[in-house]
1. Those residues that are in contact with an Asp or Glu (Cβ under 8 Å, 6 or more places away or on another chain) and closer than 20 Å to residue 113 by Cα, I need them from the range 253-278; list them, please.
2. Among (1) within 20 Å of residue 84 (Cα to Cα); (2) among the β-branched types (Val, Ile, Thr); (3) surrounded by 24 or more Cβ atoms within 10 Å (Cβ to Cβ), where does residue 268 come up short?
3. State whether the residues of the range 339-352 include one that is within 30 Å of residue 235 (Cβ to Cβ), over 31 Å from the mean Cα position of the chain (by Cα) and in a loop (DSSP other than H, G, I, E, B).
4. Looking at 664, 654, which is the one that is in a strand (DSSP E or B), on the phi > 0 side of the Ramachandran plot and out of contact with any Lys or Arg (no Cβ under 6 Å at 6 or more places or on another chain)?
5. Quick one: how many residues across the range 520-542 are free of Cβ contacts under 8 Å to residues at least 12 places away in the same chain and over 23 Å from residue 576 (Cα atoms)?
6. Restricting the search to the range 699-723, which residues are over 45 Å from the mean Cα position of the chain (by Cα) and outside any loop (DSSP other than H, G, I, E, B)?
7. For the range 31-55, which positions are β-branched (Val, Ile, Thr), surrounded by 14 or more Cβ atoms within 10 Å (Cβ to Cβ) and part of a loop (DSSP other than H, G, I, E, B)?
8. Which of the residues belonging to the range 695-709 are without any contact (Cβ under 8 Å) to a residue 24 or more places away in the chain and more than 23 Å from residue 725 (Cβ to Cβ)?
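The values are calculated or read from the model by the stated rules, or taken from the named source; none is laboratory data. Please read all numbers here as calculations on a predicted model, not as lab measurements. Cβ atoms come from the backbone with ideal geometry, glycine included; neighbour counts cover every protein chain shown.
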Amino acid sequence: MQENLVIVESPAKAKTIEKFLGKDFIVKSSFGHIRDLAKKDLGINIGEGYKPVYEIPGDKKKVVDELTKLAKSKTVWLASDEDREGEAIAWHLTEVLGLPVDKTKRIVFHEITKRAILEAIEQPRTVNMDLVNAQQARRILDRLVGFELSPVLWKKVRPSLSAGRVQSVAVRLIVEREREIIAFRSTPYFRVVAQFHAAGDPDKTIFKAELSSRFETREQAEEFLNTCIGATFTVAKAEEKPAQRFPAPPFTTSTLQQEAGRKLGMSVSQTMSVAQHLYEQGLITYMRTDSVNLSQQALAQCKEEITKLYGEKYSRWFNYKTKTKGAQEAHEAIRPSYIERQEIEGTPAEKKLYDLIWKRTVASQMVCAELDRTTVVIDMSGSSQQFVATGEVVRFDGFLRLYSESTDDDQAAESGEGLLPKMTAGDRVVSTQITATERFTQAPARYNEASLVKRLEELGIGRPSTYAPTITTIINRGYVVKQNRDGQKRNYAQLTLTGEKIASKTLSENYGKEKNRLSPTDIGMVVNDYLEEQFGPIIDYNFTASVEKEFDRIAEGDITWDKMIDEFYGPFHKMVDSAITTQTAKTREVRILGNDPKTGHIVKARIGRYGPMVEIEGNEGEKGRFASLKKGQLIESITLEEALELFALPRDLGQLDGEELMVGIGKYGPYVRYGKSFASLAKTDDPYTIGYDRAVEIVRAHQAAAAAANTPLKSFPEDADMLVKNGRYGPYIAYKSKNYRLPKGAKPEELTLDDCLKIVAGSKK
């Protein structure tokens, strides 16, 4: 008989652990939290010291019943994850199952290996109520903020809106960045790069050097090139210094999210989902951690693996220390459970993420890369201007043999860095070509998920476990969109001095192309502005970060959670009361763009019932004309010209089968109308540019689909009312003006009249 019950969070984790424990143990999953704050009303009794009111959701009652029965006759071991959420799950289990919190065995482990599991069984502890209280404080505070802010937004801005303590700050970051981009004005400049070779070099090995100054205008650049004609160039300084490049530490949750985004193109939520699967299979250590520590065993395994693969000279022993205050040093960084396991079986995403984790972990224990960095400064006769050449040569690759960390803006230097010829001060160099190329200042880059996580971490906002749900929430609520932008074409000038002649040409390039960048929507910007106006202290970066520190203090037992909540709620509630009674100007939601040149009427942009729109006002007593904004357009940045283009719809494309063929945008998106029928455009179709032939193609496809839907899959001569049809959601039975679902697994082509009558009769019961 199995005398022990181990409760974990997920079925996958249960399955893995079960392999390591003997026949005396049964392992079951709680499927995450088994209870949460009540959905009805607030779920918090403010008058009783913010006492939470918990309830078991309907979908968890069956799980709870099963665990309750098993727990009565067995020793219970609570093996939920070792973070605050996991500790709270363990506590909720003690409460619901009637287990004594001070006696129930609580076990934690950082990796799902046989050694780790058996060691945890040998060293159980009780539930850590400080960690539980920290989780409760976060949950209660977030519920209070969301529950009280959302009705204010409904009343003052627009129905069906919501706000959150961390999500609103994340939106603020994205809005502020967008406004930086809107306000930015790109200015041209000229960058000068020369090609040289040493005067005494028989091979005339070419190297590049860049002028230390840049010119604002073409005239200035051309004037400088003229001064270069006949000039002599001499090495003023040549320095060669040895340098080292150090490996990055092992992954924390946030650095894994960032690097997986940069190297693998994974979203934050995808990274966490895949990492969760790897952890539950026992392949990596726990993936929610802010520690960069490695265990002594892991360090020894890394040394053994590096020596085996690359030799002793590539190995070093180094244990990183986490700089973040409040980091859980008892935890480890994210690493493979078995360092010797270089490859795994699994999905492509699992294989890629595991490979990234393995390389980062092993590389962290490899020696530094040894470099030679050379800087050569070149004087020019008759001028104070100087050219600078830089070179970097890897003398010993060290950790670079295995892994190199990416950055958020990986761009190769235009001049490039490579090996420079040996030169000393006083040496003459000869210019073969000097080029002045027009460049443009760049606006700050929009955040992608990786750079947003990095910024949130820098500000101390949120925690590793909250980044993924925060980003998912602000996208799902329509405050932020993740989108790609096509680059735009622009011309630039290039002046080239060869010998004594300056040649000029105009070249073109694409710029501004973006992939998976985060942009605010109009409603996101409106909500952000309102929250800043009325609740500035709540969405202040420093305040939000200080709240996170308060949670850490609760976890450490320094302060009580109810006192922390009380100090927050009093001032916050006053702000809510003030916001409800304060009249806000609706004009802030409207932007005047100018006047329609045809009518002279005002053109404005605002948020309408169905989203952001532009309006040309009508005559007095008459309705105006309206048009929806295109994807990527914002009320705050749209120009009058762009707005007027939107009124090109609906477009008349001609006639089809004697009916007018029109294209426009309606409540449900772009459409083609022929007569009284409508057909939706594909996502790739642009209603402003779609031609007649493509519109006809869409109409014919729509007509064919409608005809197919009306053609029965099966009919019965014995009963003309009985039809089996193919609908939008699959096959169904139509009988005497009513529709009936087919049972799961039923094949429509095999149905008899008796079968159909039974389905109809069964549906009526």
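1. Once the filter is applied, which keeps residues that are in contact with an Asp or Glu (Cβ under 8 Å, 6 or more places away or on another chain) and closer than 20 Å to residue 113 by Cα, the range 253-278 yields 274, 277, 278.
2. Condition not satisfied by residue 268: (1).
3. Keep residues of the range 339-352 that are within 30 Å of residue 235 (Cβ to Cβ), which gives none.
No, every residue in the range 339-352 fails to be within 30 Å of residue 235 (Cβ to Cβ), over 31 Å from the mean Cα position of the chain (by Cα) and in a loop (DSSP other than H, G, I, E, B).
4. Numbers: 664 fails: on the phi > 0 side of the Ramachandran plot.
Exactly one of 664, 654 is in a strand (DSSP E or B), on the phi > 0 side of the Ramachandran plot and out of contact with any Lys or Arg (no Cβ under 6 Å at 6 or more places or on another chain), namely 654.
5. Looking only at that region, the number is 0.
6. Within the range 699-723, 714, 715, 722, 723 qualify.
7. 34
8. If the condition is that a residue be without any contact (Cβ under 8 Å) to a residue 24 or more places away in the chain and more than 23 Å from residue 725 (Cβ to Cβ), then 697 is the only one that fits.
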